[in-house]
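Visitor: This structure is in structure tokens; I'll ask about it shortly.
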Amino acid sequence: MPDPTARPQPWWVAGDLDGFFGLAVDNLIQFILILTLCRGVLGFSDALILGSVLPGAALSIVFGNLFYAWQAQRLSARTGRRDVTALPYGINTVSLFAYVFLVMLPVKLGAGEPVRVS
């Protein structure tokens, strides 16, 4: 039974700064990898990559991490535990390569040249 007098843990503690920068560097590397693979392997234009792909990936990372932090706060408040942490949310490198080479590239090659209707 949860303790009704329990307070949730603080939103920010000293070790969170290290975790933030570690996750930020990891996600920056993933963005560079997305840019490189979409441009070099898939032949996407810079306008598409910088205007849609990277902003979409960035929004998913921001909202995913905020949602996981919110869930951790709720669990902490409900249980009274102050050692609850959120799972870091980001793009998995292996999944990124698999998606580009096993999903996006075959679809691009199978689609051929697109037909523009004016």
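Visitor: Restricting the search to the stretch 30-39, which residues are free of Cβ contacts under 8 Å to residues at least 24 places away in the same chain and not polar (S, T, N, Q)?
Guide: Ile32, Leu35, Arg39
Residues are listed down the side, and each one gets a yes or a no for (1) closer than 30 Å to Ala14 by Cα; (2) in contact with a Pro (Cβ under 8 Å, 6 or more places away or on another chain); (3) not hydrophobic (A, V, I, L, M, F, W, C):
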| residue | (1), (2), (3) |
| --- | --- |
| Leu59 | yes, no, no |
| Phe63 | yes, no, no |
| Leu66 | yes, no, no |
| Ala72 | yes, no, no |
| Thr79 | yes, yes, yes |
| Asp83 | yes, no, yes |
| Val94 | no, no, no |
| Val100 | no, no, no |
| Ala111 | no, no, no |
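Visitor: Go through the stretch 64-87 and report how many residues are over 12 Å from the mean Cα position of the chain (by Cα), assigned to a helix (DSSP H, G or I), surrounded by 14 or more Cβ atoms within 10 Å (Cβ to Cβ) and of a type outside the set (S, T, N, Q).
Guide: 4
Residue by residue, here is whether (1) among the charged types (D, E, K, R); (2) at pLDDT 90 or above; (3) in a helix (DSSP H, G or I); (4) exposed (fewer than 15 other Cβ atoms within 10 Å of the Cβ) holds:
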position	(1), (2), (3), (4)
Ala57	no, yes, yes, no
Val62	no, yes, yes, yes
Tyr89	no, no, no, no
Val94	no, yes, yes, yes
Ala98	no, yes, yes, yes
Phe101	no, yes, yes, yes
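Visitor: I need every pair where a residue in the stretch 1-26 that is closer than 15 Å to Leu87 by Cα has its Cβ under 8 Å from the Cβ of a residue that is surrounded by 11 or more Cβ atoms within 10 Å (Cβ to Cβ) and at pLDDT 80 or above, sequence separation at least 6 or different chains.
Guide: Every condition considered, the pairs that remain are Trp11/Ala69; Trp11/Gln73; Gly19/Pro88; Leu23/Asn65; Leu23/Pro88; Leu23/Gly90; Asp26/Gly90.
The values are calculated or read from the model by the stated rules, or taken from the named source; none is laboratory data. Note that this is a predicted model, so its numbers are computed, not measured. Quick reminder, even Gly has a Cβ in these numbers, built from the backbone with ideal geometry, and neighbours come from all protein chains shown.
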